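For reference, the structure is listed below as C-alpha cells.
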Amino acid sequence: MKLYSYFRSSAGWRVRIVLALKGLDYDLVPVHLMREGGEHLTAEYAQTNPQKLVPVLEEDGAVFAQSMAIMEYLEETHPEPCLLPGDAKRRAEIRAFCQAIACEIHPLNNLRILKYLVRELGQDEDAKLAWYAHWIQEGFRPIEQLLGSGDGPYCFGAEPTLADACLVPQVFNAERFDVDLSEFPKIRAVNAACLAHEAIAATVPSLQPDAE
C-alpha cells in the first residue's frame, strides 16, 4: 500500500489517521505542494492522479483519489476497528459530519484557493487571513452543535470514527492560522482527546517523514 501525500495536507492527514487507527502499514510517497511550484502539478504526477491533488492511495495496482472515498474504501476492506459504526441513521450522521468539514470548510481554505486570492485577485495577507477565519468559524458553529451527545470523548462516542479523522486536521489548520476558537469548547475538547490517542498522535504533521 502506498500513500501519496504531503505532511501538512489536511486531506492526506485524514487518511493517515484512518490507516493508523486500523494499524495498516504503508509506504509514503511524498508529494511536495510548495517546492518548484508544486510537485502535484507536474505531468508525471498527473499520470497518478489527473486531478493533481493529494492524497492518493495505491493498493494492489488500484489507485484511489479523494480522501473521503479512500477512507470509506479502507473501512470496507479493513473493517476492524470499525470507524463507521452504528445503524444506518448513525452512519449517515457520521458521514454528514465528515462532509461538513471535507465539503463545506476545507475546499474554501485549501492551498490553491488561498493562492488564488493573493495572486489572481490581489488580496493582501490580512484579507487572506480574514477569509480563512470567516469560513472556519462559519463551518465550526454548526459542528459545535452536532457534538452535543456527550456520550464519549470523541465526536460520536467512546471510540474514534471517521468524523474524528476529519476534525483533527481542520482544528490544526485553524490553530496554525491563529483562528479564534474560544467559542468552540466541544470541538477543542474532542480535538484534545484525539491528540491524546496514541495512534492519532503519531499522525501529526511534525512527525511525518517528509516534515520540514
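Report, in debye and to the nearest 20, how large the dipole of segment 112-193 comes out about its Cα centre when Lys and Arg carry +1 and Asp and Glu carry -1 on their Cβ.
Details: 8 positive and 13 negative charges, 46 e Å.
About 220 debye.
Find out how many positive minus negative residues lie around Ala96, taking Lys and Arg as positive, Asp and Glu as negative, among other residues whose Cβ is under 11 Å from that of Ala96.
Numbers: positive: Lys89, Arg90, Arg91, Arg95; negative: Glu93, Glu104.
Combined, the nearby Lys, Arg, Asp and Glu give +2.
Any chance you could list the semi-axes, whole Å, largest first, of the equivalent ellipsoid that the Cα gyration tensor gives for segment 21-110, using √(5λ)? Please list the in-between numbers first.
Numbers: eigenvalues 147, 64, 21 Å².
The three semi-axes for segment 21-110 are 27, 18, 10 Å.
Along segment 54-65, what does the Karplus equation 6.51 cos²θ - 1.76 cosθ + 1.60 (θ = phi - 60°) give for ³J(HN,Hα), rounded to whole Hz, x for Gly and Pro?
These are the phi-based 3J(HN,Hα) values: 10, x, 9, 10, 10, 8, 6, x, 9, 10, 10, 10 Hz.
Can you list the residues, at least 5 places off or on another chain, whose amide H is less than 5 Å from the amide H of Cys155, using H built in the peptide plane?
Thr161, Asp164
Quick check for me: using +1 on Lys/Arg Cβ and -1 on Asp/Glu Cβ, what's the dipole size of segment 34-177 about its Cα centre, in debye to the nearest 20? Could the numbers behind the result be given before it?
Values: 12 positive and 23 negative charges, 93 e Å.
That gives segment 34-177 a dipole magnitude of about 440 debye.
Using alpha carbon centroids, what distance separates segment 50-70 and segment 149-169, in Å?
Cα centres, segment 50-70 to segment 149-169: 24 Å.
In terms of Cα to Cα distance under 17 Å, which aspartates and glutamates are near enough to Lys52, apart from those fewer than 8 places away along the same chain?
Glu36, Glu39, Glu44
For segment 56-170, what are the per-bin percents of Cα-Cα distances with bins 5 Å wide, up to the bin holding the maximum?
Over segment 56-170, the share of Cα pairs per 5 Å bin runs 2, 10, 18, 19, 16, 14, 10, 7, 4, 1 percent.
Once phi is turned into θ = phi - 60°, what whole-Hz ³J(HN,Hα) does the Karplus curve with 6.51, -1.76 and 1.60 give for every residue of segment 123-135, x standing for Gly and Pro?
Residue by residue, segment 123-135 yields 7, 8, 4, 4, 5, 4, 5, 5, 4, 4, 4, 4, 6 Hz.
Less than 30 Å apart at the alpha-carbon level, and either on another chain or at least 8 residues along: which lysines does that give for Lys186?
Candidates past the 8-residue exclusion: Lys22, Lys89, Lys128.
Which cross-chain or sequence-distant (5 or more) residues have an amide H under 5 Å from the amide H of Val29, H modelled 1.01 Å from N in plane?
For Val29, whose amide H was placed from the backbone, the distant partners under 5 Å are Leu3, Tyr4, Ser5.
What label, among (i) 33, 18, 13; (ii) 23, 21, 18; (iii) 26, 24, 14, belongs to semi-axes √(5λ) of the Cα gyration tensor in Å computed from the structure on display?
So the calculated entry is the one marked (iii).
A short reminder: the numbers here are calculations on the coordinates, not readings from a lab. Being a predicted model, the structure only gives us computed values, none of them experimental. All Cβ positions, glycine included, derive from the backbone under ideal geometry; neighbour counts span all protein chains shown.
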